Each structure stands twice: as structure tokens, then as C-alpha cells.
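K.L.:
Mind having a look at this structure? Questions to follow.
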Amino acid sequence: MADDITLTWSAWDDLTAAQAYDVLRLRVDVFVVEQRCAYPEIDGRDLEPGSRHLVATRAGRVVGYLRLLEDGALAGTPARPRIGRVCVARSARNVGLASRLMRAAVEAAGPREQVLDAQAHLEGWYARFGFAAASDVYSEDGIPHVTMVRPAA
């Protein structure tokens, strides 16, 4: 049941050691192990100033997560929130948790343009939250991705 899941925003430094471990474990379980994709999951961005982490817990256990970063202005691109690392533990799937995470992230990011890099097969799912493809499909670590943007409100 999704009703027994609590969502909490935190700065990385505000997570306990056990919570940080559980978040990294979930991300590795989903993105490295399940997807059979060896890549540097711990990329240094978790510690950036302004990064926010949305942690979903059930009975004290981390069952979902996403990261909200503040991307700086690059080559004519405005500074904007970047949503990433959206993941849900197998035990908490198919109850709408990923959608709850995304709705909370879109709301927290505010009315500015928002960006994310989606696995290409999830393009339609992210479109439900107002995102549209802004790039051709490209390969990231052997997995087809597409950059998607949600226009400013």
C-alpha cells in the first residue's frame, strides 16, 4: 500500500549514515544490478549545494528515492532544476510510488523550466508530468536515453 509510505525531503548531510547507505544501496540495486549496467553511480552530485533528496520510507526502510539538483547555466541554457535517480524498490512497485515521487519533485522544483534525462522507454511516462523530448535518443552507459524538458509555468 502506498498509504504507509512517507516522503521526506533532505539535504544529503541531513540523512543519517543508515539512510544514506540505504539510498545508495537502492540506487545500486536498481540502476547497476537490475539493469546490468556498470557505471559510476556515486557521481559526486549528491553533495552539491542545493541538492535535495526525496526519500520514501515504509516502516523505516527506504523504498523509493529521487534527487533534485540545481543545474547551473551552461552555454546559453538557463539554470534549472534537474530531476534524476528516480527509483523504487521491487517491494514497493505498482502502487503509484514513482508517480508520487515525480509529482513531489515537479512541485518542489517550482515554476521554472525543469529537465531530466529519461530512459527512452519511459518517455511517455514522464510526459504525464509535463515533460517533452528535447533531444534525439542517445546512449548513456549502453541504455537509450532522451533529454526531456518541462517548460516554465
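The values are calculated or read from the model by the stated rules, or taken from the named source; none is laboratory data. From a predicted model like this one, the values you see are computed outputs, not experimental measurements. Positions of Cβ are backbone-derived with ideal geometry, glycine not excepted, and every protein chain shown enters the neighbour counts. With ligands, DNA and RNA removed, areas are computed over all heavy atoms of the protein, side chains included. Shrake-Rupley method; radii C 1.70, N 1.55, O 1.52, S 1.80 Å.
K.L.:
Within region 1-32, take every residue that is among the aromatic types (Phe, Trp, Tyr) and part of a helix (DSSP H, G or I) and give me the one that is surrounded by the fewest Cβ atoms within 10 Å (Cβ to Cβ).
P.N.:
Restricting to residues being among the aromatic types (Phe, Trp, Tyr) and part of a helix (DSSP H, G or I), the top hit is 21.
K.L.:
Return yes when residue 99 is within 19 Å of residue 26 (Cβ to Cβ), open to solvent by less than 60 Å² (accessible area, probe 1.4 Å) and of a type in the set (Ser, Thr, Tyr) and no when it is not.
P.N.:
Yes, satisfied.
K.L.:
Also: Quick one: count up the residues across region 65-96 that are in a strand (DSSP E or B) and either open to solvent by 20 Å² or more (accessible area, probe 1.4 Å) or not β-branched (Val, Ile, Thr) (or both).
P.N.:
Selection size over region 65-96: 16.
K.L.:
Can you tell me which of 116, 66, 97 is of a type outside the set (Asp, Glu) and touching a Cys at 6+ places or on another chain (Cβ under 8 Å)?
P.N.:
66
K.L.:
Moving on to the next point. Out of the residues in region 126-142 that are farther than 21 Å from residue 80 by Cα and either touching a His at 6+ places or on another chain (Cβ under 9 Å) or modelled with pLDDT of 95 or more (or both), which is surrounded by the fewest Cβ atoms within 10 Å (Cβ to Cβ)?
P.N.:
Only one residue fits best here, namely 139.
K.L.:
Any chance region 17-31 includes a residue that's small (Gly, Ala, Ser), without any contact (Cβ under 8 Å) to a residue 24 or more places away in the chain and in contact with a strand residue (DSSP E or B) (Cβ under 6 Å, 6 or more places away or on another chain)?
P.N.:
No, that holds for no residue.
K.L.:
Looking only at region 33-64, count how many residues are out of contact with any Ser or Thr (no Cβ under 8 Å at 6 or more places or on another chain) and open to solvent by 40 Å² or more (accessible area, probe 1.4 Å).
P.N.:
17
K.L.:
Can I ask one more? Do any residues in region 77-98 that are polar (S, T, N, Q) have Cβ atoms under 7 Å from those of residues that are not in a helix (DSSP H, G or I), where the two are at least six apart or on different chains, and which pairs are they?
P.N.:
Cβ pairs passing all conditions: 91/63.
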